[in-house]
1. Any idea which of B:T295, B:T249 is more than 20 Å from the chain's Cα centre (by Cα), assigned to a loop (DSSP other than H, G, I, E, B) and at pLDDT 95 or above?
2. State yes or no: is B:Y331 away from the ligand (no atom under 15 Å from the Cβ) and closer than 24 Å to B:N199 by Cα?
3. Does region B:37-54 contain any residue that is touching a Leu at 6+ places or on another chain (Cβ under 6 Å), among the acidic types (D, E) and either in contact (Cβ under 8 Å) with a residue 40 or more places away in the chain or within 14 Å of another protein chain (Cβ to nearest Cβ) (or both)?
4. Taking only region B:237-282 into account, find how many residues are surrounded by fewer than 24 Cβ atoms within 10 Å (Cβ to Cβ), polar (S, T, N, Q) and within 16 Å of the ligand (Cβ to nearest atom).
5. Which residue is nearest to B:K290 (Cα to Cα), if the candidates are limited to region B:129-142 and must be within 16 Å of the ligand (Cβ to nearest atom) and of a type in the set (D, E, K, R)?
6. Hey, could you check region B:75-105 for residues that are aliphatic (A, V, I, L, M) and out of contact with any Asp or Glu (no Cβ under 8 Å at 6 or more places or on another chain) and say which is farthest from the ligand (Cβ to nearest atom)?
7. Filter region B:375-386 for residues that are modelled with pLDDT of 95 or more and either closer than 29 Å to B:P227 by Cβ or touching a Gly at 6+ places or on another chain (Cβ under 7 Å) (or both) and give the result.
8. In region B:48-74, what count of residues is obtained for those that are at positive phi and within 16 Å of the ligand (Cβ to nearest atom)?
Amino acid sequence: MGLGSDMYRQQILDHYKNPRNYGELEDPDFTHIGENPSCGDTIRMEVALDDAEETIEAVRFTGDGCAISMASASMLSERLHGMAVDDLDALDTDDITEMLGVDISPMRVKCAVLGRQVAQDGSKIHRGELDPDDRTNLEA
Amino acid sequence: MGVQEQYPFDVEAVRADFPVLDRLVGGDPETPGEGPGDDTPLVYLDNAATSHTPDPVVDTISDYYRGYNANVHRGIHQLSQEASVAYEQAHDTVADFVGAAGREEIVFTKNTTEAMNLVAYAWGLEELGPGDNVVLSEMEHHASLVTWQQIGKRTGADVRFIDVTDEGRLDMDDAAALIDDDTEMVSVVHVSNTLGTVNPIAELAELAHDHGAYIFADGAQSVPNRPVDVKELGVDFLAFSGHKMCGPTGIGALYGREELLDAMQPYLYGGDMIRRVSFEDSTWEDLPWKFEAGTPSIAQGIAFAAAIDYLDDIGMDRVEAHEDLLAEYAYDELEALGGVEIYGPPGDERGGLVAFNVEGVHAHDLSSILNDYGVAIRAGDHCTQPLHDEMGIAASARASFYIYNTVEEIDALVDAVREARDLFA
Ligand SMILES: Cc1ncc(COP(=O)(O)O)c(C=O)c1O
């Protein structure tokens, strides 16, 4: 089997069909939206932090897109609960492919990392390190 | 097995000219060519993006580099003469192929996109202004849509879009309403690369000319697949790409009516396009060289003509018949599958491509899974984002056919689509 079917192992299909933490938060500390226009993938992440703003307490996401982008956002949302903000900043592409547990073909990497980018950019905007008008766009 | 018997030419003989069709896929995409894990036969159905190149065309490129590589128009020596003659004659071949008067009406460009930009810059920037309008259709490829949109912004001209009906056809009442006496250019795709619609270019040409406007047909998907004659269509400009019709990348053509090209100023300046240069001023070469500044794509231009010879040997009416056969078969089979939405007109009224979506499966996921079965299709917006917006979808999958494709390959596509649908069910 090639990359394709491998990419759609049970875990990914499960997260795609039953996304975890799907929805919105009552009182998020930040909300951010990102997209891959040519795929039409859109992800909106809402994050609540602890009082010190050092640790992620809750995450919800909504979105529309391919199985890879949606499953990745769903798995990420589970991982982010209780994660230090610094650790979110440090997440890289390898962490995401490791989390997905499958090889991602080169043309699909941007699908896989969209959720991570939205969370990271949202966090940076919240800290004033990124222009709030910046919409995350992995194709820009 | 009826359908194969209706092939208008010997498809197996054609396939033998395309060694790539025998290759196996499925291995590591970071190392091109066959390697470990490559064990699935390729089913190449992405021809609207680019077609494959037959041996005679590859040989033409290799003969040029091995035998008479030289710059054109610059040397008195024999190699330069041979290269110049072959390169110039390639223009005649292309002219003949689309019914143009001669080489003076054929400008070689990089591709369709550059041909479109050539007219937009050389004619549009000069001639358009506030109060004028350019009429496009909602099914334009970005090559024309973005180009005229931006020229509109720079000149103040209005850019209008003819509606596409629910059936995927141009709304000709809307066309008649939009094209008025302030219309300077009607720029419409001949065969839609997304819907497969064959647009009534001759009718639009008449409408345009009745209002004193010019008409530009985007022939990127029509010239490779059916007989196209600029006189019969009545177009003023036509653009097409070599790489979609058995030719190499890096070469395409703009047809322009001679008197229009003659009146237009060059869009690129430099060597090869001038006749006499002083420090103060310059004069231009004859057509078409006036629009081909700098060293052109020589091998590609010569190979473009070889590709046309190859297609001519088959016969463009037979190429069209084969495309029609495959498109209709694919349409019917995909429709019969269930859970598949197909865009554009019915199977017997389209060019050789079918764009569709499978319920519950994103086009990119579909394409990834099909890739496992060796089936190469396009997934995305096919450079028609506004049309996809109109249809309310972000992306679609597209299978597109060419002279070497077979009914069995469409069966392989349909089987793989079924697998994908079931995987996601
Ligand atoms: C209808 C249409 N117009 C224009 C183009 C652009 O062609 P090219 O990329 O060769 O310039 C394409 C193909 O991509 C097309 O299908």
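The values are calculated or read from the model by the stated rules, or taken from the named source; none is laboratory data. Quick caveat, the model's predicted, so the values are computed rather than measured. Cβ atoms come from the backbone with ideal geometry, glycine included; neighbour counts cover every protein chain shown.
1. Numbers: B:T249 fails: more than 20 Å from the chain's Cα centre (by Cα).
Just one listed residue meets the conditions, B:T295.
2. Working: away from the ligand (no atom under 15 Å from the Cβ): yes; closer than 24 Å to B:N199 by Cα: yes.
Spelling it out, B:Y331 is indeed away from the ligand (no atom under 15 Å from the Cβ) and closer than 24 Å to B:N199 by Cα.
3. yes
4. 1
5. Here is the first cut: in region B:129-142, the ones within 16 Å of the ligand (Cβ to nearest atom) are B:136-142.
Checking which are of a type in the set (D, E, K, R) leaves us with B:138, B:140.
On the way: B:E138: 33, B:E140: 28 Å.
Among residues in region B:129-142 that are within 16 Å of the ligand (Cβ to nearest atom) and of a type in the set (D, E, K, R), the one nearest to B:K290 (Cα to Cα) is B:E140.
6. Step one: list which residues in region B:75-105 are aliphatic (A, V, I, L, M), which gives B:76, B:79, B:83, B:85-86, B:90, B:94-95, B:98, B:100-101.
Then keep just the ones that are out of contact with any Asp or Glu (no Cβ under 8 Å at 6 or more places or on another chain); that gives B:76, B:79, B:83, B:85-86, B:90, B:94, B:100.
Details: B:I76: 35, B:L79: 30, B:A83: 24, B:V85: 27, B:A86: 23, B:A90: 17, B:V94: 15, B:A100: 19 Å.
By that ranking, first place goes to B:I76.
7. Kept after step one, since they are modelled with pLDDT of 95 or more, are these residues of region B:375-386: B:375-378.
Matches in region B:375-386: B:A376, B:I377, B:R378.
8. Here the count works out to 0.
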